Amino acid sequence: DSSVLSTVMSFHQDRGGPRGGMPPGQHGSAQNYRPANLRPPPPQPPKEEEELLKPAWIRCTHAESYYSNDPMDQVGDSTVVGTSKLRDLYERFEEELGRRQERAKEARPKWEPPKTKLDEDPGDSSSDSECESDGEGSTCSSSSDSEVFDVIAEIKRKKAHPDRLHEELWYNDPGQMNDGPLCKCSAKARRTGIRHSIYPGEEPVKQCRPMNNNAGKLFHYRITVSPPTNFLTDRPTVIEYDDHEYLFEGFSLFSHTPLTNIPLCRVIRFNIDYTIHFIEEMTPENYCVRGLELFAAYLFQDILELYDWNLTGPDCDGEPSGCQRFHFMPRFVRFLPDGGKEVLSMHQVLLYLLRSSKPLVPEEEIADMLQWEELEWQKYAEECKGMIVTNPGMKPSSVRIDQLDREQFNPDVITFPIIVHFGIRPAQLSYAGDPQYQKLWKSYVKLRHLLANSPKVKQIDKQKLTQREEALQKIRQKNTMRREVTVELSSQGFWKTGIRSDVCQHAMMLPVLTHHIRYHQCLMHLDKLIGYVFKERCLLQLAMTHPSHHLNFGMNPDHARNSLSNCGIRQPKYGDRKVHHMYMRKKGINTLINIMSRLGQDDPSPSRINHNERLEFLGDAVVEFLTSVHLYYLFPSLEEGGLATYRTAIVQNQHLAMLAKKLELDRFMLYAHGPDLCRESDLRHAMANCFEALIGAVYLEGGLDEARQLFGRLLFNSEDLREVWLNYPPHPLQVQEPQTDRQLIETSPVLQKLTSFEDSIGVLFTHVRLLARAFTLRTVGFNHLTLGHNQRMEFLGDSIMQLVATEYLFIHFPDHHEGHLTLLRSSLVNNRTQAKVAEELGMQEFAITNDKTKRPVALRTKTLADLLESFIAALYIDKDLEFVHTFMNVCFFPRLKEFILNQDWNDPKSQLQQCCLTLRTEGKEPDIPLYKTLQTVGPSHARTYTVAVYFKGERIGCGKGPSIQQAEMGAAMDALDKYNFPQMAHQKRFIERKYRQELKEMRRERERQEKETDEADEARK
């Protein structure tokens, strides 16, 4: 280790590393440190997407006297203005289709639903006062069984609606999910938060001119989805015009602001990871804003019932909130011979919808249709297949036709043909949401796991497992519990729309996209509050994303799922269901073993864990490092205990939540619109975590100096205090000799001895007295050479090692969650590993003690570990953080492979407890290992403890050590070796299968080292 370290560190120093005597706060190299050499490269788009991202040349079909592009007719910044003919078309469309739903609802008798607890206003005074309370108060109403509502009663109320189209078809109501209100927050809580569609920094948008295309103020983007699975259908919506067919390919988006610095939008739907692209293209000119709004109201409100999709923002004090932020135009295109596209003008789309709007089965023609030849009827039924039809005023109003049957059961009565629709029952109403099924499923999984870990499985337990499996299957097959349902509806009252399910598939992606764009635009407001502009915008979003947040269906997921079931494609192709939890699941012993068996990546890829826990892990180390460094320099006479007390006060969650409040992070955080963070204490804890994640993101992209500046600005409002905090003085040893103190080596035997250590590691200290201080044990009194012992340096060195190890693990182990990274870090930064490295480098030979005999002293493990931490601090103070990185790259990080292959990432006591828990008996309290001290021998300063460990009343291991803790560790290790734990056997088999070759090489290397050690001992004898 020592020779390799010498070579690497010498090379690093030869590259021109800082040699001056100023501390990091002065020469600036450490504060400007960027972890760029370890950061993963940004992901590159696949080759197939490159063609997709190329803007296409487009033109519009003829204006046909509906539009005028005469410059004399234009108003403002438009290029096209609608004529009186277009105005007449809009009025006709609004009268025939736009108001049809409203007229149908008005014609029906008003329904007064039965009252439930939900009808109590959650924003009343009592709820509001609760919300404003401190401490354990809540920001929104609780979701406990007694305090909120009866879900079953609410579902029954919705089922009882007299306008329901069918009992198995679920419908959307504004502000409602399938089992109750979407928002149960108090009046105070509703005034803020992304979950309430309130995006910080958004201003009302000036209204567009309705009869213009507003081309000068709108930015046009083509929206496309990749991969095209479930979006390219064999029966697309087609409009015939001018002897050509125009196929639907998606939507155009018109935005009031340019979509710059906004990353691609990713969505998981149908178990497939989709990317929504928005590509800037030439604007198709032949449209007017009013036509887009009429179409949007018809499709998104009347057909798809997306009532909670708000594109304007909340009304402010009753004032209108301006124009919609986005307008959408359906793209019906034909490909031109020269590679371009011709887009159908918007008025032709409206004319097509008006032409298509006719009864599915006209009452006056029903008798004739029943007499059609079978071939003719099949042709008509086939044309209708996949079409969306609507029954105005019903709930839901629209549905997809999967079959159209004209079979007559009573020859005396003519009945309308039957619409057959194959739908999906909402999860809350199927076996997936059934409490009995959920309880049975949990008990089944638990018993299966227990039997898998049991040394001997009894026949009665096997029968129990089979019985539960059969009971689950029975519930799944019940007609009232099945997810798939077949709905039969009379075609009477249904109208054709001309729209097919492909339009709905694309439309249902738009709510997620608009949220994504608006959120990233509001993050630019957060940039100003932080004082740093992120280049990787996804990194900032990741820092703001709480683990509870999932947004694959928009702000009201039930609305999206219902509309997709009613109007989306019938049989979507599904991907691997593991895509939801492949990178997110972290619970369970088998998941732990699987993840902790993965080796670090030399060429790391970005992590696929899409919440902020990993960044929080990094940010926590950065905050602790910054606090430790500044306290160390600002209080040079304060001992380790005082420094630790101050640091605890600064880095505790309560204080970090206050700093997060200064940045208004609660307005930008993404978390589930549910009970997760209702309590004020939970929200504050999440805000503290979010703040740490933000600091980690700033450190990762902007470097240490940006993180340091941000932390300093938030800690102190006073400019003077901030200056003191940021511009700390050098170390006292550096103040005495500002340039270098190496001239003192000639007169000091202690410093002369340390030069041989410098030679062995390849680092020449500018202030060698810093190295001497690091090696001065606390038993040594004050002296003028080192100005004290190494206890304060231990405090600093520990934080430095935590940061360097954290950063390395964060980048090279992208599949590990926060808890897994913590386990790996604890295997690196602990007394045992540190002492081993110190011993290999021969640090014990250079320790400065008060022993006058100068005999070699055998240092305890803790003392050796402290020596190493102090050395790390001295290396940082004299050089910079890159030197510490190089040192740990050579001496620490290569050991990770051995720790992982030997499964040494967990201490023996924790490992034994895990193994014992896997052997618990169902329905009983789990047995845990119990430790008993059997014997204590020796004087008080050198005692030896003997400890035994018992499991289920049986002694399974015994150990000895100089402390009770070490003796317990020895007993646990003995138990793991001797007792037959199925979990340990499984763990060993798993590693053996996965790393057979690596384990062989590691064993050969260990045998070689042992042989060399034996030969060296023989030679010495």
Counting only GluC sites (Glu not before Pro) that are in a DSSP loop and have at most 10 other C-beta atoms within 10 Å, tell me the longest site-free stretch of the chain.
408-1021
Percent relative contact order of segment 908-1020, based on C-alpha pairs within less than 8 angstrom and at least six residues apart?
19
Below 8 Å, C-alpha to C-alpha, sequence gap of six or more: please give me the relative contact order for the chain in percent.
15
Accessible area in square angstrom per residue, segment 732-902, 1.4 angstrom probe
36
Solvent-accessible area per residue for segment 431-480 at a 1.4 Å probe radius, Å²?
74
Contact order normalised by length for segment 736-839, with contacts defined as Cα pairs under 8 Å and 6 or more residues apart; what percent is it?
15
More than 18 angstrom apart: percent of Cα pairs within segment 431-480:
34
Here the Cα Rg-to-2.2 N^0.38 Å ratio for segment 532-571 is 1.74
Tell me the accessible surface of residue 494 in square angstrom (1.4 angstrom probe, heavy atoms of protein chains only), to the nearest ten.
10
How big is the dipole moment of the chain about its Cα centre under a simple scheme where the beta carbon of each Lys and Arg is +1, that of each Asp and Glu is -1, and everything else is neutral? Debye, nearest 20, please.
3600
Where nothing but the Cβ of Lys and Arg (+1) and of Asp and Glu (-1) is charged, how large is the charge dipole of segment 611-726 around its Cα centre, in debye to the nearest 20?
200
Carbon-plus-sulfur fraction of the accessible area of the chain, 1.4 Å probe, in percent?
50
By the C-alpha gyration tensor axes a ≥ b ≥ c (rounded if a/c is under 1.5, else prolate when a/b exceeds b/c, else oblate), the shape of segment 908-1020 is oblate
Taking the 0 to 90 degree range and rounding to the nearest ten, how far is the long axis of helix 680-702 tilted relative to the main principal axis of the chain, both from C-alpha atoms?
70
Separation between the residue 935 and residue 427 pseudo-spin-labels, each 7 Å from Cα along Cα→Cβ, expressed in nm?
5.9
Alpha carbon centroid spacing (whole Å) that separates segment 855-892 from segment 947-983:
32
For segment 732-902, evaluate the Debye formula with one uniform point scatterer on each Cα (no solvent term) and list log10 I(q)/I(0) at q = 0.13, 0.14 Å⁻¹, rounded to two decimals.
-0.64, -0.73
Expressed in whole Å with the largest first, what are the equivalent ellipsoid semi-axes of the chain derived from the C-alpha gyration tensor as the square root of 5 times each eigenvalue?
65, 36, 26
Can you give me the accessible area per residue for segment 611-726, using a 1.4 Å probe, in Å²?
35
Using the alpha-carbon centroid of each, what span in Å lies between segment 774-840 and segment 606-668?
18
Tell me the mean residue ellipticity at 222 nm calculated for the chain from its helices only (DSSP H runs of n ≥ 4, each -39500 (n - 2.57), averaged over every residue, nearest 500).
-13500 deg cm²/dmol
Starting from the Cα of residue 415, move 7 Å in the Cα-to-Cβ direction to define the label point; list residues of segment 154-168 whose amide nitrogen is under 18 Å from there.
165-168
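The values are calculated or read from the model by the stated rules, or taken from the named source; none is laboratory data. Worth saying up front: this structure is predicted, and the values here are computed from it rather than measured. As a convention, Cβ positions derive from the backbone with ideal geometry for all residues, glycine included, and neighbour counts pool all protein chains shown. Please note that ligands, DNA and RNA were not included when accessible areas were found on the heavy atoms of the full protein model with its side chains. Shrake-Rupley method; radii C 1.70, N 1.55, O 1.52, S 1.80 Å.
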